[in-house]
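The block underneath contains the structure these notes are about, expressed in structure tokens.
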């Protein structure tokens, strides 16, 4: 599954809303750049007046006055441009900060089912590569584009005011400019979208290969993964080559259109001068203006290309916000803590269910162990019971209310999931723990660590709870990171817990010790423990054996062992190991 990409109108609308929140600053930037552009137009106009004055005869006082006015105009332009650029940079940083905050809010609110199906590559590419492409355009491109447009318009207006007939030469290159720009714009968006998608696929392939390196090695898939990387690189190369081809047409075409203007102004102006329809000063002023147009036109075209890249990336970011929600919360309130699953089915792909009509009735405070062979559907069942995925068919309810009808914040207060996957965020150990309860005191954090038998190694840290962990900080072992995840669960304090092999990264003795330490915390809560270590099943009130997406057996440990069925075979096999 690929995450959606917004169409051009939706992306433009989102960008307009983003900039609209800062319209006052944008107006200030526009006014300052306009005044700076006006000050920059004074020089050529004065030069034309001076040429005409010298031609007809003038005084040194007049020349001194013209030079002084020109110097004042240059100084004014420098001051205005300085403040305009400063405010432009602040404006760009502010807009980009808003964009980042919106993206974080959007990504963290995505349905987990969507994130899992989409994979890591596409989402990571959107939050890294695409953001990098946008930040340059927001910080520099928007102000520079504004400067280019204002300067271009005012320069043309000034030329028409000074010498309308001579100024007509400035438009000689416009037809070529329009043809080249239209040709480019029709192809650029699709080209840059293809380029972004190619790099997203490449990132995904590399990330999955690195994360699954042990599996790749165990199954001798190295050559297959290398071939996949080469194929993705070939597509990225082809996409880059296509967009580079667009620029090799755009830039020479614009170059030619710009170079024609001053030559045409000089030749056309000289002819008009011989006909007595203009003055030498007017020809000099307009020709100078024609040379000045090169800068803003080049800026306009350069940033036109950069904006196309940024808009392609922005469309991908806006597309993340277009992901449909997988649930619609209602105002129903659970009447009790009982979790009941009825005829639950789930399919990651339509027509290929991995759960088939599973039903469970969990009494409050009950401990249920879910066991079975790999790939039987245990983890999928756990996600159903935790409300991560809405069932394809059937229902899972808590207190009579469907889990998918609860707001996510309320759902997590009811049912929580801890898997064998965990993450340590950059920040202090206390910050990592408070993700589950932002208002928790240090004493509450230490109590949660005590509950998962982590107090000892936390005391040994350089700064205790204030120790920086995560990337660049103190490195936690996999077992310690898993204990942090379990401590978060203690702080979250839901009435029903789904533990999906939550102690799998600990050695058997440590895992057994941790599970015993957790007993006091789990007392009185409903616990669904998905485990491959069957001592967990031995301690549970009931054991459910999942095989082929169905519950083949369910009951207390002793009864299932005595029955001599699937569970008994698993138990005896595990005992022998």
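The values are calculated or read from the model by the stated rules, or taken from the named source; none is laboratory data. Predicted model, so just to flag it, every value in this text is computed and none were measured. Cβ atoms come from the backbone with ideal geometry, glycine included; neighbour counts cover every protein chain shown.
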Within segment 553-564, of all residues that are part of a helix (DSSP H, G or I) and in contact with a helix residue (DSSP H, G or I) (Cβ under 6 Å, 6 or more places away or on another chain), the one surrounded by the most Cβ atoms within 10 Å (Cβ to Cβ) is 560
Return a yes/no flag: does segment 209-230 have any residue that is closer than 30 Å to residue 183 by Cα, free of Cβ contacts under 8 Å to residues at least 40 places away in the same chain, part of a helix (DSSP H, G or I) and within 30 Å of the chain's Cα centre (by Cα). no
Contacts under 7 angstrom Cβ, first residue in segment 395-416 being assigned by TED's automatic domain parsing to the domain that holds residue 438 and on the phi > 0 side of the Ramachandran plot, partner crowded, with 17+ Cβ neighbours inside 10 Å and not in a helix (DSSP H, G or I), 6 or more apart: 399/334; 399/337; 399/338; 400/334
Sole residue being surrounded by 14 or more Cβ atoms within 10 Å (Cβ to Cβ), within 32 Å of the chain's Cα centre (by Cα) and not in a loop (DSSP other than H, G, I, E, B), chosen from 342, 316: 316
When you go through (1) under 32 Å from the mean Cα position of the chain (by Cα); (2) surrounded by fewer than 14 Cβ atoms within 10 Å (Cβ to Cβ); (3) not assigned by TED's automatic domain parsing to the domain that holds residue 547 one by one for residue 333, which number turns out not to apply? (1)
Failed criterion for residue 32 (all others in (1) in contact with a helix residue (DSSP H, G or I) (Cβ under 6 Å, 6 or more places away or on another chain); (2) under 24 Å from residue 311 (Cα atoms) hold): (2)
If the requirement is being within 30 Å of residue 537 (Cα to Cα) and not in a loop (DSSP other than H, G, I, E, B), which of these qualifies: 337, 361? 361
Qualifying residue in segment 234-251 (condition: part of a helix (DSSP H, G or I), farther than 30 Å from residue 122 by Cβ and assigned by TED's automatic domain parsing to the domain that holds residue 55): yes
Would you tally the residues in segment 193-214 being modelled with pLDDT of 85 or more and within 30 Å of residue 256 (Cβ to Cβ)? 2
Checking residue 430 against (1) closer than 23 Å to residue 358 by Cα; (2) not in a strand (DSSP E or B), only one condition comes out false. Which one? (1)
Can you pull out the residues in segment 184-197 that are within 27 Å of residue 159 (Cβ to Cβ) and surrounded by fewer than 17 Cβ atoms within 10 Å (Cβ to Cβ)? 185
From the list 322, 277, 292, which one is out of contact with any strand residue (DSSP E or B) (no Cβ under 8 Å at 6 or more places or on another chain) and within 30 Å of residue 124 (Cα to Cα)? 322
Could you list all residues from segment 364-382 that are within 20 Å of residue 552 (Cβ to Cβ) and not in a strand (DSSP E or B)? 366, 372, 373, 374, 375, 376, 377, 378, 379, 380, 381, 382
Give the residues of segment 529-552 that are at pLDDT 85 or above and surrounded by fewer than 19 Cβ atoms within 10 Å (Cβ to Cβ), sorted by residue number. 541, 547, 548, 550, 552
Would you mind telling me which numbered condition in (1) free of Cβ contacts under 8 Å to residues at least 24 places away in the same chain; (2) within 18 Å of residue 247 (Cβ to Cβ) residue 199 fails? (1)
When you go through (1) over 31 Å from the mean Cα position of the chain (by Cα); (2) without any contact (Cβ under 8 Å) to a residue 12 or more places away in the chain one by one for residue 350, which number turns out not to apply? (1)
Scan (1) out of contact with any strand residue (DSSP E or B) (no Cβ under 8 Å at 6 or more places or on another chain); (2) surrounded by fewer than 20 Cβ atoms within 10 Å (Cβ to Cβ); (3) closer than 18 Å to residue 492 by Cβ for the single condition residue 419 breaks and write down its number. (1)
Report, by residue number, each residue of segment 451-467 that is surrounded by 15 or more Cβ atoms within 10 Å (Cβ to Cβ) and in contact with a strand residue (DSSP E or B) (Cβ under 6 Å, 6 or more places away or on another chain). 467
Is it fair to say residue 132 is within 33 Å of the chain's Cα centre (by Cα), at pLDDT 80 or above, in a helix (DSSP H, G or I) and within 30 Å of residue 196 (Cβ to Cβ)? no
Take the conditions in a helix (DSSP H, G or I) and free of Cβ contacts under 8 Å to residues at least 24 places away in the same chain and apply them to residue 90. Does it pass? no
Let me spell it out: the conditions are (1) at pLDDT below 90; (2) surrounded by fewer than 19 Cβ atoms within 10 Å (Cβ to Cβ); (3) not in a strand (DSSP E or B), and residue 404 meets all of them except one. Which number is the exception? (2)
Determine which single condition residue 507 fails, assuming it passes every other condition in (1) at pLDDT 75 or above; (2) farther than 20 Å from residue 410 by Cα; (3) within 37 Å of the chain's Cα centre (by Cα). (1)
From the option list 168, 177, single residue qualifying as within 30 Å of residue 298 (Cβ to Cβ), surrounded by fewer than 18 Cβ atoms within 10 Å (Cβ to Cβ) and over 32 Å from the mean Cα position of the chain (by Cα) is 168
The listed residue being part of a helix (DSSP H, G or I) and without any contact (Cβ under 8 Å) to a residue 60 or more places away in the chain, out of 11, 30, 37, 16: 16
